[in-house]
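Visitor: Sharing a structure with you now.
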Amino acid sequence: MTDVLVADHAIEYTYTRSTGPIIGAFLAGLRDKRFVGVRASDGRVLVPPAEYDPVTSDDLTELVDVADTGVVTTWTWNDDPVAGQPFDRPFAWALVKLDGADTGLLAAVDVPRDEMRTGLRVHARWADERVGAITDLACFTAGEGEGVTQGTVGEPVAIVETPIRLDFSYTPGVAASRFLRSVEKGEIVGQRCPKCQKVYVPPRGACSMCGVATDEELTLSGKGTVTTFCITNVPSPGLDPPYVTAWIRLDGADITSMFLIQECDPKDVRLGMRVEPVWAEDKQPNIGSIKYYRPSGEPDAPYDDYKEYI
Amino acid sequence: MSNRVAVVGVGQTKYAAKRQDVSMAGLLREAAKRALDDAGMGWSDIDAVVIGKAPDMFEGVMMPELYLADALGAVGKPMLRVHTAGSVGGSTGVMASHLVSSGAHKRVLVVCFEKQSESNATWALSIRLPFTGGSVTGAGGYFAPVIRAYMRRANAPDHIGIKVAVKDRLNALRNQYAHLKLPDISEETVRESPMLWDPIRYLETCPSSDGACAVVLADEDTAQGTPNRPAWILGTALRSEPTMGAGRDTVNPHAGRDCAKDVYAQAGITDPRQDLDCAEIYVPFSWYEPMWMENLGFAEEGAGWKMVDDGSTSFDGDMPINPSGGVLSSNPIGASGMCRFAEAALQVRGMAGEHQVDGVRRALGHAYGGGAQFFAMWVVGSEKP
Amino acid sequence: MRRDVAIVSWASFETPSEPARNEVEMLLPVIQEALGKVGLSQRDIGFTVSGSSDYLQGFPFAFVGALDAVGAWPPIRESHVEMDGAFALYEAVNVLQEEGIDTALVYAFARPSRGELDRTLTLQLDPYVVAPLWPDARSLAGLQAQALKDKGVDVPDVPPTHVADGAVAVVLAVGDRARALTGNPVWIRGIDHRIEPPALGVRDLTVSPSTETAAKVAGASGLDAAYLHVPYPHQELVLRHALGLNGQTVDAAAGPTMVGGLERFAAAAAAISAGRAKRAVAHATSGPCLQQNLVAVLEGAS
């Protein structure tokens, strides 16, 4: 088995969601410790409210107050809570049909496992701090609540912030791992396509033009020619503008790779410039171990030598 | 094409940096409802719904067709979601047209969208995987070197990109839905704007927009009975090539040339500059207009920039390009291709309002995506083929 | 008027957790096997279409890299759905109605073992009032199982969500082209799919009206077998009922998420071409609690 690289990887962002008038009214209701539904075309009251009718797709606009108490229509016991859920101990999820509503709302129910059942009467338990989000409803719990709160709902919530984080254990695959292991040793190893003979760096395990696996490896000198480039003037993490990124055709390769160009005034970077890699002291299996490229001092390559590699 | 297909309704939202007055569903609805109204149809008249958008990570909703089923009147109907990177607005239109041409459905609602203000496109486009160095920021960092290579290859002067930037923003002043409205734009202001990804200046790039664009596609019988004039689809084409292929040409991609050839053959077009009356093409950076002029066969290789320079692509030129203001004026990424397709349809229907080009009989809608490797096109005409 | 479309070849691969290969490395042998069995190369394919999800792979544009496994040169007619590969096959059947496009390659891939599948699928839910609570996929299935129990149905326990990595490729061809490629084409006699509302509280989770409608439109009668896409075991009961199955051979599998539905086409085609079935349903599902369902009727030579 190849020594395949693995690393933690997360997709994380806090989304800014505009809610529109109907969802906004529902969330404003939660902030005020009350439930607001919407009347559907067939007369049913939907909680949570839908913006558009689930049957006819018409716009729904008639808001209806419903009780904070209702009945469990179905449920499940969650033995293994995951990050972000209402409880970090085992708990029940349920669809709760509130009094005055005709559809179920998904929420956690805080009752012991042996008391949980379909048909259980439950009422809302509110979060101490409420911001106008679904999490303002902490959960439901057994028994009767306050009933229906009448009167005008406060200003609809316009925006909710939703943090999302998913964790992965990422592997770049067999060919890329071999390449990165070579980078760790200060070498640049490409792969040749058995069909078209073209050399790929970094290799992906396949020639994308022929759709065949590549396995013949060859070590390149690392030197190359700038085929085109960009001077970036916008900030980027860890890089002070202006900085130059260039497409470099490494000698012996048939595709270009993108690297930074440094030790050179950005104004002096040009097409055809000959460059060589500058390696990090402490090399890792990471393309970043090639810190950047710099002019090699060789004469520029003539345009005809590299114009096919853009 | 097996069965004739027509565009019988078009709807667009107002494009803006942030459409915080609506939910995601509300945004799509606005475009879809306008398209249905144009087609003289209600939700129940639609047989199937196809949506398209760029990566799910832009909005943090996985496979959003599932959440959008009631908002788009799809309950009890077939619903599909296409994703082909930046070309998705175009390829969604093409895939939906096959649902009608195949005879599977008579009336299909197609909606593409992006609500970029839910997150930040540069974040989503620059998600860094472990083991990569990562020195490129967003699409500008990727495409700037390609543009530089074009300038070298075609010996194009620097002011060409500036001219396109001005032209499209002036066109956008005629488009009620356009995001950017820059009445005072001039070559001077573009030249003075910050150089972001040299050779791309700030005003030579597209904005980041929220928005949706919808069309209703119909079979021949239906199209003959709709209130407004249909745009007949004369041809559709898709082509893809690999991102990292040894020997591919990123400046003048083979896939784009093949895609154009295919769609022209279907539409009976032998000389595109002669036979087409205008085109809506995907130009997120101003330099892509001259580049696509060559790729699409409007100009010889190396001569695309001359069409910009001599005014041929301007609103009153012989080959008006992006009379709507294009992607440079409104860029709801996943919808941007659909906007091109829809605007081409509006032109042949004579329904483009203030940005209507006189006497358009045949128009091209074009989209591209990925590393300029995915292409989608359609040609629409005012006359039934 | 409609051109007959057949499955002429297929290949698939599933493993609980792929230890080493990336999507290109996983897909390449599967695509080559499927094409190779009928002596085709990518250049012979009229339309290529795939299904996958960026969220399962952990980065945007996952399908772009996967295209490297295809050999898209000269450039190919190609599209992608951010859905199970079965929906890509639906697209392909429609594109194959076009004169001059006689063959199609449909593939799907996924590597969910590298992420948190139960949490990832949460992002399919309403983003305002459901997803922020992070209900996990298994719990949602549990709500459906309890609803069935409450109706008096004897249902199996809900096991942990099936996590698997894999890839599948299916080759389609029309009419005589299909007959020329294989002695045993498996004809797609009908295919349709339908979606239900997103709000779980609005739906009756014990029935599957979308499956019923799709089956009716696809012409799912006179069956002797059904290849059902069943992420959780109790859902087989809902599907059996919706399809009116009674005595037919039923083969139910979850498969890798985004791949499992298209794999059912491969499984059904394998059975039919081997003579184990004559006329079978291939089914695929998407979304929580069977929200969206696709039904196709497959048949061998009459």
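Visitor: With respect to A:ARG130, is the statement that it is crowded, with 16+ Cβ neighbours inside 10 Å, touching a Leu at 6+ places or on another chain (Cβ under 8 Å), charged (D, E, K, R) and closer than 30 Å to A:THR69 by Cα true? Talk me through it step by step, then tell me what you get.
Guide: Numbers: crowded, with 16+ Cβ neighbours inside 10 Å: yes; touching a Leu at 6+ places or on another chain (Cβ under 8 Å): yes; charged (D, E, K, R): yes; closer than 30 Å to A:THR69 by Cα: yes.
When the stated conditions are applied, A:ARG130 passes them.
Residues are listed down the side, and each one gets a yes or a no for (1) β-branched (Val, Ile, Thr); (2) within 23 Å of A:VAL38 (Cβ to Cβ):
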{"site": "A:TRP75", "(1), (2)": "no, no"}
{"site": "A:ASN78", "(1), (2)": "no, no"}
{"site": "A:PRO81", "(1), (2)": "no, no"}
{"site": "A:ASP99", "(1), (2)": "no, yes"}
{"site": "A:VAL109", "(1), (2)": "yes, no"}
{"site": "A:ARG121", "(1), (2)": "no, no"}
{"site": "A:VAL131", "(1), (2)": "yes, yes"}
{"site": "A:ASP136", "(1), (2)": "no, yes"}
{"site": "A:ALA158", "(1), (2)": "no, yes"}
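Visitor: Quick check on this structure: which one of B:ALA96, B:ALA85, B:ALA121 is closer than 15 Å to B:ALA335 by Cβ, surrounded by fewer than 21 Cβ atoms within 10 Å (Cβ to Cβ) and not basic (Lys, Arg)? I'd like the intermediate steps shown before the answer.
Guide: Working: B:ALA96 fails: surrounded by fewer than 21 Cβ atoms within 10 Å (Cβ to Cβ); B:ALA85 fails: surrounded by fewer than 21 Cβ atoms within 10 Å (Cβ to Cβ).
The match here is B:ALA121.
Visitor: Can you tell me which of (1) small (Gly, Ala, Ser); (2) more than 19 Å from B:LEU80 (Cα to Cα); (3) touching a His at 6+ places or on another chain (Cβ under 6 Å) is the one C:ALA214 doesn't meet?
Guide: Answer for C:ALA214: the failing condition is (2).
Visitor: List every residue pair whose Cβ atoms lie under 6 Å apart, where the two residues are 6 or more positions apart in sequence or sit on different chains, the first residue falls within the stretch B:310-335 and is within 15 Å of B:SER87 (Cα to Cα), and the second residue, located anywhere, is in a loop (DSSP other than H, G, I, E, B) and of a type in the set (D, E, K, R).
Guide: Short answer, once both residue conditions are applied: B:GLY334/B:LYS53.
Visitor: Now for a separate question. Could you pull out the residue among C:VAL163, C:VAL153 that is over 18 Å from the mean Cα position of the chain (by Cα), part of a loop (DSSP other than H, G, I, E, B) and in contact (Cβ under 8 Å) with a residue 60 or more places away in the chain?
Guide: Only one candidate qualifies: C:VAL153.
Okay, residues lined up against (1) in contact with a strand residue (DSSP E or B) (Cβ under 6 Å, 6 or more places away or on another chain); (2) touching a residue at least 60 places away in the same chain (Cβ under 8 Å); (3) of a type in the set (Ser, Thr, Tyr):
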position: C:ALA169; (1), (2), (3): yes, yes, no
position: C:PRO185; (1), (2), (3): yes, yes, no
position: C:PRO209; (1), (2), (3): no, no, no
position: C:GLU212; (1), (2), (3): no, no, no
position: C:LYS216; (1), (2), (3): no, no, no
position: C:LEU239; (1), (2), (3): yes, no, no
position: C:LEU245; (1), (2), (3): yes, no, no
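Visitor: Next up: Anything in the stretch B:128-157 that is modelled with pLDDT of 95 or more and among the charged types (D, E, K, R)? List them, or say none.
Guide: B:ARG148, B:ARG152, B:ARG153
Visitor: While we're here: Please find, within the stretch B:217-232, the residue that is farthest from B:ALA267 (Cα to Cα) out of those that are in a loop (DSSP other than H, G, I, E, B) and touching a residue at least 12 places away in the same chain (Cβ under 8 Å).
Guide: B:PRO227
Visitor: Filter the stretch C:17-27 for residues that are over 19 Å from the mean Cα position of the chain (by Cα), hydrophobic (A, V, I, L, M, F, W, C) and crowded, with 23+ Cβ neighbours inside 10 Å and give the result.
Guide: Listed by number, the list holds a single entry, C:VAL24.
Visitor: Also: How many residues does the stretch B:238-256 contain that are buried (at least 23 other Cβ atoms within 10 Å of the Cβ) and more than 7 Å from every other protein chain (Cβ to nearest Cβ)?
Guide: Selection size over the stretch B:238-256: 3.
Visitor: Quick test of your reading of the structure: A:ALA7 fulfils all but one of (1) at the interface with another protein chain (Cβ under 7 Å from one of its Cβ atoms); (2) in contact with a strand residue (DSSP E or B) (Cβ under 7 Å, 6 or more places away or on another chain); (3) buried (at least 16 other Cβ atoms within 10 Å of the Cβ). Name the failing condition by number.
Guide: Of everything listed in (1) at the interface with another protein chain (Cβ under 7 Å from one of its Cβ atoms); (2) in contact with a strand residue (DSSP E or B) (Cβ under 7 Å, 6 or more places away or on another chain); (3) buried (at least 16 other Cβ atoms within 10 Å of the Cβ), A:ALA7 misses just condition (3).
Visitor: Quick one: A:PRO266 ticks every box in (1) at the interface with chain B (Cβ under 9 Å from one of its Cβ atoms); (2) surrounded by 15 or more Cβ atoms within 10 Å (Cβ to Cβ); (3) in contact with a helix residue (DSSP H, G or I) (Cβ under 8 Å, 6 or more places away or on another chain) bar one, so which box is it?
Guide: Looking at each condition in turn, A:PRO266 falls short on (3).
Visitor: Continuing with the same structure: Of everything in the stretch C:67-94, what is of a type outside the set (D, E, K, R) and over 18 Å from the mean Cα position of the chain (by Cα)? Give them in sequence order.
Guide: The answer is C:LEU67, C:ALA69, C:VAL70, C:GLY71, C:ALA72, C:TRP73, C:PRO74, C:PRO75, C:ILE76.
Visitor: Also, I was wondering about something else. Let me spell it out: the conditions are (1) in contact (Cβ under 8 Å) with a residue 40 or more places away in the chain; (2) in contact with a Ser or Thr (Cβ under 6 Å, 6 or more places away or on another chain), and A:SER41 meets all of them except one. Which number is the exception?
Guide: All conditions are met except number (1).
Visitor: Could you list, in sequence order, all residues of the stretch A:247-262 that are at the interface with chain B (Cβ under 7 Å from one of its Cβ atoms) and either assigned to a strand (DSSP E or B) or surrounded by fewer than 19 Cβ atoms within 10 Å (Cβ to Cβ) (or both)?
Guide: A:TRP247, A:MET258, A:LEU260
Visitor: Being in a loop (DSSP other than H, G, I, E, B), over 26 Å from B:THR92 (Cβ atoms) and in contact (Cβ under 8 Å) with a residue 60 or more places away in the chain: is that true of B:PRO157 here?
Guide: For B:PRO157, the condition - in a loop (DSSP other than H, G, I, E, B), over 26 Å from B:THR92 (Cβ atoms) and in contact (Cβ under 8 Å) with a residue 60 or more places away in the chain - is met.
Visitor: A further question on this structure: May I ask you to list the residues in the stretch A:285-306 that are farther than 15 Å from A:SER257 by Cβ and surrounded by 13 or more Cβ atoms within 10 Å (Cβ to Cβ)?
Guide: Restricting attention to the stretch A:285-306, the residues satisfying the condition of being farther than 15 Å from A:SER257 by Cβ are A:285, A:294-305.
Correct list: A:PRO285, A:ARG294, A:PRO295, A:SER296, A:ASP300, A:ALA301, A:ASP305.
Visitor: Which ones in the stretch C:162-189 are surrounded by 20 or more Cβ atoms within 10 Å (Cβ to Cβ) and either among the small types (Gly, Ala, Ser) or within 13 Å of chain A (Cβ to nearest Cβ) (or both)?
Guide: Of everything in the stretch C:162-189, those that are surrounded by 20 or more Cβ atoms within 10 Å (Cβ to Cβ) and either among the small types (Gly, Ala, Ser) or within 13 Å of chain A (Cβ to nearest Cβ) (or both) turn out to be C:ALA164, C:ASP165, C:GLY166, C:ALA167, C:ALA169, C:ALA173, C:ALA178.
Visitor: While we're looking at this one, here's another question. On the basis of being touching a residue at least 12 places away in the same chain (Cβ under 8 Å), at the interface with chain A (Cβ under 10 Å from one of its Cβ atoms) and not small (Gly, Ala, Ser), does C:ARG111 make the cut?
Guide: In short, yes.
Visitor: Out of all the residues in the stretch B:1-41, which are assigned to a loop (DSSP other than H, G, I, E, B) and either more than 9 Å from chain A (Cβ to nearest Cβ) or under 22 Å from the mean Cα position of the chain (by Cα) (or both)?
Guide: Correct list: B:MET1, B:SER2, B:ASN3, B:ARG4, B:THR13, B:LYS14, B:TYR15, B:ALA17, B:LYS18, B:ARG19, B:GLY40, B:MET41.
Visitor: Restricting to the stretch B:75-117, what's the tally of residues that are within 22 Å of C:ASP54 (Cβ to Cβ) and within 7 Å of chain C (Cβ to nearest Cβ)?
Guide: Filtering the stretch B:75-117 down to residues within 22 Å of C:ASP54 (Cβ to Cβ) leaves B:79-96, B:110-117.
Restricting the remaining residues to those that are within 7 Å of chain C (Cβ to nearest Cβ) gives B:79-85, B:91, B:95.
The number of residues fulfilling the criteria is 9.
Visitor: Do we find a residue being in contact with a helix residue (DSSP H, G or I) (Cβ under 8 Å, 6 or more places away or on another chain), more than 15 Å from B:GLN116 (Cβ to Cβ) and within 14 Å of chain C (Cβ to nearest Cβ) anywhere in the stretch B:54-63?
Guide: Looking through the stretch B:54-63, at least one residue is in contact with a helix residue (DSSP H, G or I) (Cβ under 8 Å, 6 or more places away or on another chain), more than 15 Å from B:GLN116 (Cβ to Cβ) and within 14 Å of chain C (Cβ to nearest Cβ).
Visitor: Looking at the stretch A:218-239, which of the residues that are without any contact (Cβ under 8 Å) to a residue 24 or more places away in the chain and in contact with an Asp or Glu (Cβ under 9 Å, 6 or more places away or on another chain) is surrounded by the most Cβ atoms within 10 Å (Cβ to Cβ)?
Guide: So the residue we want is A:CYS230.
Visitor: Hey, could you check the stretch A:174-209 for residues that are hydrophobic (A, V, I, L, M, F, W, C) and surrounded by fewer than 20 Cβ atoms within 10 Å (Cβ to Cβ) and say which is nearest to the other protein chains (Cβ to nearest Cβ)?
Guide: Checked the stretch A:174-209; the qualifying residue nearest to the other protein chains (Cβ to nearest Cβ) is A:CYS196.
The values are calculated or read from the model by the stated rules, or taken from the named source; none is laboratory data. What you are looking at is a predicted structure, and each value in this text was computed from that prediction instead of being measured. With ideal geometry, Cβ positions are generated from the backbone for all residues, glycine too; neighbour counts draw on all protein chains shown.
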